[in-house]
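The values are calculated or read from the model by the stated rules, or taken from the named source; none is laboratory data. Just so we're clear, the structure is a prediction, and the values are computed from it rather than from any experiment. Note that we place each Cβ from the backbone using ideal geometry, even for glycine, and neighbour counts take in every protein chain shown. The protein model used for the area step is the full one, side chains on, heavy atoms only, and it has no ligands, DNA or RNA in it. Shrake-Rupley method; radii C 1.70, N 1.55, O 1.52, S 1.80 Å.
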Amino acid sequence: MRPVLMLGLFATAWPALAQDAPPPLKPARDVAITYRAASSPVPGLDIQLRTLVSAATGRQRQENSGLVGITDPRAKRRLMFSMDRQDGLYGRVIEQPISDDEMSLEEVARDPDFRVTRHGTETVAGLSCTVWRVREAQEPEAEARELCLTADGLMLRSRAQKGGMRESIEAVSVEYAPLDPALFAPPAGWPVQR
């Protein structure tokens with residue numbers, strides 16, 4: 001069985017394998033993106049997700065209804081905690097290693113078992129992005145994951161359809177501005193459980 005294809009919001013750089021290769025998913029400036037996520041067949045299930053990216057460290061912070069995840073690709077770990085006092089996770093931090101089975105976008109681009117193709121440009125959240133389709137070689141084209149990436153490496157949209165399930169995540173706002181480094185660490189004094 002193939003390792004899990006990790007097409008997260010941001011990952012390690014996608015190498016310039018060809019003139020038409022996708023850009024590195026590593027923004028050069030700090031950025032905050034608000035996404036709307038949806039899946040079917042559950043109608044009306046829309047989730048808002050906010051992602052903050054530190055250009056200097058590569059760390060990412062995802063926020064959703066009080067739940068916070070901080071991913072540190074250099075340390076290969078993810079920290080999870082909740083800012084909701086009613087949540088059992090409040091007051092403590094769970095540390096999870098980033099699995100070696102997850103393939104980075106760099107590995108996907110180099111792997112002959114995957115296909116990456118360009119499919120034009122679109123505008124999402126007021127920004128121009130190039131549409132890329134990524135799939136395992138043996139998968140039908142209809143099951144490819146579609147990514148819309150800006151020239152500076154922001155994922156503005158991701159769509160996938162497989163086995164009757166459809167999922168999508170799309171940026172509704174993008175703000176480039178310096179971010180406080182404290183946002184990329186858990187609250188001081190909270191114990192970390194491994």
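Within segment 118-146, which residues are in a strand (DSSP E or B), open to solvent by less than 60 Å² (accessible area, probe 1.4 Å) and touching an Asp or Glu at 6+ places or on another chain (Cβ under 9 Å)?
Here is the first cut: in segment 118-146, the ones in a strand (DSSP E or B) are 118-124, 127-136, 145-146.
Still in the running and open to solvent by less than 60 Å² (accessible area, probe 1.4 Å): 120, 124, 127, 129-136, 145-146.
Matches in segment 118-146: Val124, Cys129, Thr130, Val131, Trp132, Arg133, Val134, Arg135, Glu136.
Would you be able to tell me the number of residues in segment 181-194 that are among the aromatic types (Phe, Trp, Tyr) and either closer than 27 Å to Glu122 by Cα or in a helix (DSSP H, G or I) (or both)?
1
Evaluate segment 51-65: report whether one residue or more is closer than 14 Å to Ile33 by Cβ, touching a residue at least 40 places away in the same chain (Cβ under 8 Å) and assigned to a loop (DSSP other than H, G, I, E, B).
Yes, there is a match, as at least one residue in segment 51-65 is closer than 14 Å to Ile33 by Cβ, touching a residue at least 40 places away in the same chain (Cβ under 8 Å) and assigned to a loop (DSSP other than H, G, I, E, B).
How many of the residues in segment 155-180 are modelled with pLDDT of 95 or more and either part of a loop (DSSP other than H, G, I, E, B) or more than 30 Å from Ser40 (Cα to Cα) (or both)?
So the answer is 5.
With respect to the numbered conditions (1) open to solvent by 70 Å² or more (accessible area, probe 1.4 Å); (2) at pLDDT 90 or above; (3) assigned to a loop (DSSP other than H, G, I, E, B), which one is the sole condition not fulfilled by Asp84?
Of (1) open to solvent by 70 Å² or more (accessible area, probe 1.4 Å); (2) at pLDDT 90 or above; (3) assigned to a loop (DSSP other than H, G, I, E, B), only one is false for Asp84: (1).
Taking Gly164 and the conditions (1) over 20 Å from Leu49 (Cα atoms); (2) touching a strand residue (DSSP E or B) at 6+ places or on another chain (Cβ under 7 Å), which numbered condition does it fall short on, given that it satisfies the others?
Among (1) over 20 Å from Leu49 (Cα atoms); (2) touching a strand residue (DSSP E or B) at 6+ places or on another chain (Cβ under 7 Å), Gly164 violates only (2).
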